[in-house]
Amino acid sequence: MPDHTRSRLNWQEYALEIAKVASGRSEDPYLKVGSCVLRHDNSIAGVGYNGAPPGIEIDWSDRNDRRLRVVHAEVNALRYTRPGECYILACTLLPCNECLRMIASYGIKELVYQSVYDKDVSSLRLAEEFQINLTNG
């Protein structure tokens, strides 16, 4: 029976839930990341997860090899969009500096994330410089 006491998800929660589902498609055994981008009308513009480019094999046990070859979830989600088309990006992990620069170049001003990568939190400062509103979902 449906639970009618639960409130409806807001758009940020909705996007983050989709990002969580997308992370399940990642082939990375160490870190599964998903991302979802919403247009200004709240329709889904793109969904992505971290993984190898098509046809590329990655030695997942070699950290340096995976870092060189893995395409980040945000990149995979944004490849379906045009700059200015979207307003929110949700990601299961706070984006790295490179992805944050890409997000800013697309004009996205709302970023929802589930957790912070413990090895680098510099994206928190960079998001502030880019005037991107962060929400830890």
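Looking at segment 38-76, which of its residues are closer than 24 Å to Ala15 by Cα and polar (S, T, N, Q)?
Asn42, Ser43, Asn50, Asn76
Is it true that Ile56 is closer than 16 Å to Ile132 by Cβ and not aromatic (Phe, Trp, Tyr)? Show your work before the answer.
Working: closer than 16 Å to Ile132 by Cβ: no; not aromatic (Phe, Trp, Tyr): yes.
For Ile56, the condition - closer than 16 Å to Ile132 by Cβ and not aromatic (Phe, Trp, Tyr) - is not met.
Quick one: which residue in Val47, Val71, Val37 is at pLDDT 95 or above, aliphatic (A, V, I, L, M) and under 18 Å from Asn97 (Cβ atoms)?
Selected residue: Val71, the only one of Val47, Val71, Val37 that is at pLDDT 95 or above, aliphatic (A, V, I, L, M) and under 18 Å from Asn97 (Cβ atoms).
The values are calculated or read from the model by the stated rules, or taken from the named source; none is laboratory data. These numbers were taken from a predicted model, which means no experiment stands behind them. Quick reminder, even Gly has a Cβ in these numbers, built from the backbone with ideal geometry, and neighbours come from all protein chains shown.
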